[in-house]
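Each remark here refers to the structure printed beneath this line.
The values are calculated or read from the model by the stated rules, or taken from the named source; none is laboratory data. This one's a predicted model, so the numbers in the text were calculated from it and none came from an experiment. FYI the Cβ positions are ideal-geometry reconstructions off the backbone, even for glycines, and counts take in every protein chain you see. Side chains are part of the model used for accessible areas, which takes the heavy atoms of the whole protein and leaves out ligands, DNA and RNA. Shrake-Rupley method; radii C 1.70, N 1.55, O 1.52, S 1.80 Å.
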Amino acid sequence: RALETFVEAMAGDAGQVSMGLRVFGGAPHSCETDLVRPVGTHAVADLIGDIDAIDPRNHARTAIGAALEAAIDDLGAVSGARSVLLVTDGEETCDGDPMAAVERLRDAFPETRVDVVTFALEGEIDRRPFQRWAAAGGGIYVDAADGTALASALRTAMGVRFDVVRDGKIVASGAAGGEPVALEPGRYELVIDGNREPLRITSGQTSRIEWAGSRGD
């Protein structure tokens, strides 16, 4: 339901959305990943049908690295900025290397953004690898505990993005409405949609920035 709502929100009133759908964790014990719908412009109803048809299985394995590797070919015919949204309820279990895959994806298409959303992840699983994959992909990481949190995470992933720059280097990234970003006190630049604004962070205080741009606040 959360994914269907996400697709509908991406489409808006147009009734169509430009994306594709790749799945993993289908047949038990399989490390296959399948391209259910190629990247392109599709009717919302078609994508929702694809999502409805996903059949989660017990004893499914999690081929995250293989899916990200396959995304390089999936996005080959796309021009301009590319975005990958990885949603998983488990860690890599197919001996893949998600970090290397993210790096190869970014080498092939430097402007690509990779966001990572974990859903109902078991408590003992280390979240740090997922965070590192998102950071390497220039995206964000969100950990969702339940369906409501998953819907919120997906909204965050599609929201307005920002980078915080200091001395010419990006030191933090995030999304409007997402988790607060911790920064050392000092002067920075806030970059949103290519626009740069000075930003001053004071010790012990939370700064809230309001921005009205082409995509809203």
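Quick notes on this structure:
- Only one of the numbered conditions (1) of a type outside the set (Gly, Ala, Ser); (2) loosely packed, with under 15 Cβ neighbours inside 10 Å; (3) in contact (Cβ under 8 Å) with a residue 60 or more places away in the chain is not met by PRO56, and that is (3).
- Restricting the first member to segment 1-25 and to residues that are within 20 Å of VAL78 (Cα to Cα), and the second to residues that are surrounded by fewer than 15 Cβ atoms within 10 Å (Cβ to Cβ) and of a type in the set (S, T, N, Q), the beta-carbon pairs closer than 9 Å and six or more apart or on different chains are MET10/SER18; GLN16/THR41; VAL17/THR41; SER18/THR41; MET19/THR41.
Each row is one residue, and each column tells you yes or no for (1) open to solvent by less than 30 Å² (accessible area, probe 1.4 Å); (2) part of a helix (DSSP H, G or I); (3) among the hydrophobic types (A, V, I, L, M, F, W, C).
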site: ALA60; (1), (2), (3): no, no, yes
site: GLU91; (1), (2), (3): no, no, no
site: ALA100; (1), (2), (3): yes, yes, yes
site: ALA135; (1), (2), (3): no, yes, yes
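- Residue within segment 14-34 that is of a type in the set (A, V, I, L, M, F, W, C), at pLDDT below 90 and surrounded by fewer than 18 Cβ atoms within 10 Å (Cβ to Cβ) present: yes
- Here ARG61 passes the criteria (1) more than 22 Å from THR5 (Cβ to Cβ); (2) touching a helix residue (DSSP H, G or I) at 6+ places or on another chain (Cβ under 8 Å) except the one numbered (2).
- Count - residues of segment 154-183 that are out of contact with any strand residue (DSSP E or B) (no Cβ under 7 Å at 6 or more places or on another chain), not hydrophobic (A, V, I, L, M, F, W, C) and not in a strand (DSSP E or B): 6
- For segment 102-133, filtered to residues that are charged (D, E, K, R) and in a helix (DSSP H, G or I), the residue that is least open to solvent (accessible area, probe 1.4 Å) is ARG106.
- Scope segment 26-36; condition more than 21 Å from LEU75 (Cβ to Cβ) and either part of a helix (DSSP H, G or I) or of a type outside the set (A, V, I, L, M) (or both); matching residues: GLY26, PRO28, HIS29, SER30, CYS31
- A single member of LEU199, LEU183 is open to solvent by 30 Å² or more (accessible area, probe 1.4 Å) and modelled with pLDDT of 90 or more, and it is LEU183.
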